[in-house]
Amino acid sequence: MGRTSVGRFSLARYWPEVVAFVIPLLVASALLFGYVGPLNGFWSTDQGVKLIQVQSLLLNKFSSSALIYPGAAIDQDDRVSPLRGQYYQHGGQTYAMFSDAFALISSVPFFFFGFAGLYLVPLVSLAALSLICTCIARPLLGPGGALLSALALTLTSPLLFYSVIFWEHLPAMLLTTLALWQSLEGYHRNERRRFFGAGIAIGAAAWLRNEAILAAPALIGAVLLTRRSQSLQTAAWIGIGAGAGVLPLLLYNQIVFGAAVGPHVLVAGAAQYRGASDPLMMRIEWADRLLVPLDEPVLAGLVIVLVIVSIITAIWRARSAANVGFALAIVVTIVIAAAIQRAPRGGLQTTLLMTFPAVLLCCFPVAPKERLDRVDTPLILTAFGLTFIALAWLALLPDGGAQWGPRMLLPAAPALTIAGFWRAGSWLRRPAAGAAVAGVSAIVLFVAMLSQCAGLRQLRDFNTANHTLLTTVAQSGASAIITDTWYGPPLLAPIFYDERMIFLVDDGADLDYLIERLSNAGFDTVYYLSGRRDEITSDARRWRELTPIGAPARLAHHLTGQLYQINTPPPSD
């Protein structure tokens, strides 16, 4: 009986954490397998390169992360290798610019479960992240409020979008949120080992996403802001842990790639800053793309008003100031939500405001006479989230390209969400104010949910279009595939190692070279996936040796596919 009672007590005690883990996992799994499209139809080229990385790692039996080039027997000089664009060359080897650590942890589920296994890490990371957020929020919001904040974060923010994509953002975000939780636990229990563990978690996150390292100074700054007597020691332990976690990564990068910063910084960073001449203008454009759309002046102005209200009420803690600030925040937030709904929703929405307006709750003033012993945690959460965003802005991280919501800023979302729920919840004990804040919270969460629905529709459309392209090429039966666009090979990643050879040509001379090599090797057909065929073939002497078979296929990304027969010219006398 004793064991049964303890078991029942434990289940009753931790039901919010259990529900917080299970519901996001079920929702995301249902979306993945029932809505967003074929598992081997990817959102973008990034996922294709990561799949090539995983497959090559398995083919190498984990002995090397260098990529295998299937067409090397035909193209010994790597002249028309498709491993260009999102790749890094070092020591005569080609590497993907993305995280080797993510490829490693994804390779095992891919080996056992196929394409479904690629999504196991993001799905479980979403569920675990929801559980950790519940643990963080429970002392502030109680069991019900903690569960609500975790579900709001995972189901109405871009996290849901990224949980059904083969991408490393969620596992990296899981580790930075784990670091935040351990820091809060160490802060309240005065346990230094938790701060060291938090630093280790941030260092581990950097193995997956380089920008995750910004969580270390953001967390250190947030802890120092509390002005506790041991804040400096706390900050030191976080820094030591982060250093211990990231130092092996720097050594690995130096040994494997010849550069401590790693290939992603060298490739993506170079592309980001190429041609940049005005740092201030770049930061304005960055904020416009990732924070608030500056081409919507009404929205931008209202957000500025809300931020000013937040700053004034944080400095001036009088009851009258808090009440007036709260009333203004309610009105302004409702108008912002309405403006978001009226704004055009076409294309990809990349700003934090448009894809997760629930962060506006962070700007609400705290109700007067809120218990002082509960203020430190929200202060650390808010400071961490805002500092991370500020550091990302100052560092001019890449803007993220094709995305739904600002994927580079995702580590700030859990802290800001929980802090926002605490600020809004501080007014619930007042009947009129409680009803107002509950209504506004419901409105912004509803708008956020509609945003995720739009993002998931975009994801389904992209996946379906890219899968159609993939199957069209695969069903051609050609063993040799030529493309003239850098993004062609990654979109064909599921068949990259499937007894086919994929080549990338830059001009007519490359095409002549490749046709000659294929003809000499006995190939009688070739599939040409073209984005600029007329430009390429205008100066290709051997183009006339190809005869089209069947009708061309109009495919996604302005590409055209056509199967050709190779007609070997007779030998000259």
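The values are calculated or read from the model by the stated rules, or taken from the named source; none is laboratory data. This one's a predicted model, so the numbers in the text were calculated from it and none came from an experiment. Here Cβ is always computed from backbone atoms with ideal geometry, including for glycine, and neighbour counts include all displayed protein chains. Ligands, DNA and RNA are excluded from the accessible area calculation, which covers all protein heavy atoms including side chains. Shrake-Rupley method; radii C 1.70, N 1.55, O 1.52, S 1.80 Å.
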Probe 1.4 Å, all chains present, heavy atoms only: residue 313 accessible area in Å², nearest 10, is 10 Å²
Starting from 0 in steps of 20 Å, tell me what percent of the Cα-Cα pairs of the chain lands in each bin. 19, 49, 25, 6, 0, 0
If contacts are Cα pairs under 8 angstrom and at least 6 residues apart, what is the relative contact order of the range 465-566 in percent? 32 percent
Step by step: find N for the range 465-566, compute 2.2 N^0.38 Å, then divide the Cα radius of gyration by it. What's the final number? 0.97
DSSP loop (so not H, G, I, E, B), at most 13 other Cβ within 10 Å: list which trypsin sites (Lys or Arg not before Pro) in the range 187-256 pass both filters. 227
Filtered trypsin sites (Lys or Arg not before Pro), the range 527-572: DSSP coil and at most 16 other beta carbons within 10 Å: 532
Cleavage-rule hits, trypsin sites (Lys or Arg not before Pro), the range 365-469, DSSP coil, Cβ neighbours within 10 Å at most 15: 369, 371, 429
Grab the beta carbon distance between residue 498 and residue 244, set R0 = 41 Å, and tell me the FRET efficiency rounded to 0.05. 0.50
Multiply the residue gap between residue 524 and residue 255 by 0.36 nm, knock off their C-alpha separation, and tell me the result in nm, one decimal place. 92.5 nm
Any idea what the relative contact order of the range 127-166 is, in percent, if you count C-alpha pairs under 8 Å spaced at least 6 apart? 32 percent
Contact order normalised by length for the chain, with contacts defined as Cα pairs under 8 Å and 6 or more residues apart; what percent is it? 17 percent
For a Förster distance of 22 Å, can you work out the FRET efficiency between the beta-carbons of residue 15 and residue 35, rounded to the nearest 0.05? 0.20
Calculated from DSSP H runs of 4 or more alone, at -39500 (n - 2.57) each and per residue, what is the 222 nm mean residue ellipticity of the chain, nearest 500? -20000 deg cm²/dmol
What's the magnitude of the charge dipole for the chain around its Cα centre, counting Lys and Arg as +1 and Asp and Glu as -1 at the beta-carbon? Answer in Debye, nearest 20. 3040 debye
For every other residue with a beta carbon closer than 13 angstrom to the beta carbon of residue 70, add +1 if it is Lys or Arg and -1 if Asp or Glu, then tell me the sum. -3
Along Cα→Cβ, 7 Å out, is where each label goes; now give me the distance between the ones at residue 189 and residue 341 in nm to one decimal. 4.5 nm
Would you kindly compute the Cα radius of gyration of the range 454-499 and its largest Cα-Cα separation (Dmax), both in Å? 12.0, 38
